[in-house]
Amino acid sequence: MYGVIVCPRCKRAKGVDLKQKTTTCACGFEIRIAPSRVRARADTARELASLVGQVSAELAGGLAAYRKAAAPARRRRSRDVHLRIVGVASKPHDRAGRLRAAAVELTRELEVFSLGDWTRVLWNRRTGSTER
Ligand SMILES: [Zn+2]
């Protein structure tokens, strides 16, 4: 039985033979192989290789998402997005048209938008004149 474990120091995924008690990561850290640390299991070494890739991709994806959410640059950009959408959404003359334009633009820019994004756009549109 093989397994994928993640190094606690450098957070890299590593494939191991679960018969071993410890393994040394590429970073030099000696990892104790505990069942609770095994992220995925494989019967063959061949399966293990693709599992390591999969876990690495998951780790990278989670990290990228975390960095994206935490980055101040992203927040700045998304504020510009809100302002741009406010501009686009104020063009239609009826309320339903403005709401639809805001929803379409939010979806296009952010793919997934939160209630926070939504209220920000709507709030900005109503209070836009006082903020300028
Ligand atoms: Zn490591």
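A short reminder: the numbers here are calculations on the coordinates, not readings from a lab. For clarity, every value in this text was computed on a predicted model and none was experimentally measured. No Cβ is skipped: glycine too gets one built from the backbone with ideal geometry, and neighbour counts run over all protein chains shown.
Overview of results
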read-out	value
Sum of side-chain charges, residue 3 neighbourhood, beta-carbon under 9 Å (Lys, Arg +1; Asp, Glu -1)	+2
Reach of residue 14 by Cα under 18 Å, taken over aspartates and glutamates that are not fewer than 8 positions away in the same chain	30, 43, 47, 58
